[in-house]
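Visitor: Take a look at the following structure, please.
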Amino acid sequence: SAGAPVVDVAEAIAGSPRLLYHLAVVQCLVWIGNTAWNLYAGQWFGNAVYGGDENAPEGSELKNAYEEGISAFTWGGQGKAVLQLISALGIIGILLNTRIRPRLVYAPCIFVGLVVSILAAFFVGHSGTFAIVMMIFSVMPETGSFAIPFGLVATLNKRAEEEGKPVSTALQMALLNCCVTIGQQICTMSLAGIEAHMSLATALPCVFIVAGVAQALAGVGALFLDDRPDGYDEGSESYSESDYSE
C-alpha cells in the first residue's frame with residue numbers, strides 16, 4: 001500500500017536499541033553548538049569581535065573593521081580545517097588501537113566545545129587572536145559527532161546482522177542526520193529570538209551561551225552512552241551477551 005514505506009520506517013525505528021535514541025538526543029544537542037560556530041562565526045568576528053558593520057559605507061571605519069574581522073575569520077576557518085583532519089585521524093586511531101570506550105572519546109570532544117563557547121561568549125571581547133583560537137578548537141564536537149555516533153550504530157548493527165537479527169542501518173543513520181538538522185533549526189530560531197530584543201553584535205555572543213548550555217548537556221549525555229562491547233541493551237531486539245571485539 002501507499003503507506004507501507006512509512007510503516008516500515010516506524011517499525012525499524014521502534015525496533016532499534018535504546019542507544020540509538022540516546023545518541024539522537026546527544027547529536028541534536030551537539031549540533032546546536034556546532035551550528036552557532038558554522039553559521040554565525042563570520043558575523044561574530046565582523047560585528048562583535050572587531051566592532052564592524054557589513055552595511056556601512058565602503059571605506060568607512062566600520063566597514064574596514066568588518067572586513068578585518070572577516071579576514072580573521074578566514075584564518076580561523078583554515079586552522080579549523082587543519083585541526084579537524086588531525087583530530088579525526090586521532091579519534092580513529094584511538095578507537096582502533098586502544099580499548100578506550102567511544103563515549104570516553106566523544107564526551108571530551110564535546111566538552112572542548114563547551115569551553116570554547118563559554119570563552120567566546122564572555123572572555124574573547126575584541127581580541128581577534130583569541131577569537132581565532134576559539135574558532136579553531138570549536139571543531140572538536142563536530143569531529144566527534146561525525147566519527148563516533150555513526151560508528152557505534154554501524155558496529156552494533158553489524159553484530160546484529162551476524163547473529164541473524166533484522167537491522168535497519170540506513171534508517172538509523174538517517175535518524176541521526178535528522179537530529180543534525182533539528183539542532184541547526186533550534187540554534188537558528190534561538191538567534192532570531194535573541195536578536196529581536198538586542199543588536200546583532202550583542203546577540204551573537206549570546207548564541208554561544210546557548211551553544212555552551214547545549215554542549216554541556218550533550219557532554220554529560222555522552223558520558224552515559226551505553227557503548228558496552230556486548231552490543232544492544234535489554235530494550236527491543238537485544239543482542240546476545242557476546243563480545244563483538246573478539
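Visitor: Among the numbered conditions (1) open to solvent by 30 Å² or more (accessible area, probe 1.4 Å); (2) free of Cβ contacts under 8 Å to residues at least 60 places away in the same chain; (3) hydrophobic (A, V, I, L, M, F, W, C), tell me where I91 comes up short.
Guide: (1)
Visitor: Answer with yes or no whether L152 is at pLDDT 80 or above, more than 30 Å from G52 (Cβ to Cβ), over 12 Å from the mean Cα position of the chain (by Cα) and of a type in the set (A, V, I, L, M).
Guide: yes
Visitor: Further question: In segment 102-149, which residue that is part of a loop (DSSP other than H, G, I, E, B) and touching a residue at least 24 places away in the same chain (Cβ under 8 Å) is most open to solvent (accessible area, probe 1.4 Å)?
Guide: Looking at the filtered set, the residue picked out is H126.
Visitor: Pick out the one residue from A72, A36, A56, A48 that is at pLDDT 95 or above, of a type outside the set (D, E) and open to solvent by less than 60 Å² (accessible area, probe 1.4 Å).
Guide: On inspection, the qualifying residue turns out to be A72.
Here is a yes/no grid of residues against (1) within 17 Å of A147 (Cβ to Cβ); (2) in contact with a Leu (Cβ under 9 Å, 6 or more places away or on another chain); (3) in a loop (DSSP other than H, G, I, E, B):
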residue: W37; (1), (2), (3): no, no, no
residue: Y40; (1), (2), (3): no, yes, no
residue: G46; (1), (2), (3): no, no, no
residue: Y66; (1), (2), (3): no, no, no
residue: G69; (1), (2), (3): no, no, no
residue: V82; (1), (2), (3): yes, no, no
residue: L85; (1), (2), (3): yes, no, no
residue: G93; (1), (2), (3): yes, no, no
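Visitor: Condition check: among the polar types (S, T, N, Q), part of a helix (DSSP H, G or I) and open to solvent by 50 Å² or more (accessible area, probe 1.4 Å). Does Q185 satisfy that?
Guide: The answer is yes for Q185.
Visitor: On to the next question. Has segment 211-223 got at least one residue that is crowded, with 16+ Cβ neighbours inside 10 Å and modelled with pLDDT under 90?
Guide: no
Visitor: Looking only at residues in segment 1-33 that are open to solvent by 40 Å² or more (accessible area, probe 1.4 Å) and either in contact with a Cys (Cβ under 9 Å, 6 or more places away or on another chain) or among the aromatic types (F, W, Y) (or both), which one is modelled with the highest pLDDT?
Guide: Here the residue is V25.
Visitor: Considering only residues of segment 191-209 that are surrounded by 16 or more Cβ atoms within 10 Å (Cβ to Cβ) and without any contact (Cβ under 8 Å) to a residue 60 or more places away in the chain, which is nearest to I118 (Cα to Cα)?
Guide: Per the criteria, the residue is A203.
The values are calculated or read from the model by the stated rules, or taken from the named source; none is laboratory data. As the structure is a prediction and not an experimental result, all values here were calculated from the model. Every residue, glycine as well, gets a Cβ built from its backbone with ideal geometry; the counts of neighbours run over all protein chains shown. Heads up: the accessible areas ignore ligands, DNA and RNA and are worked out on the full protein's heavy atoms, side chains in. Shrake-Rupley method; radii C 1.70, N 1.55, O 1.52, S 1.80 Å.
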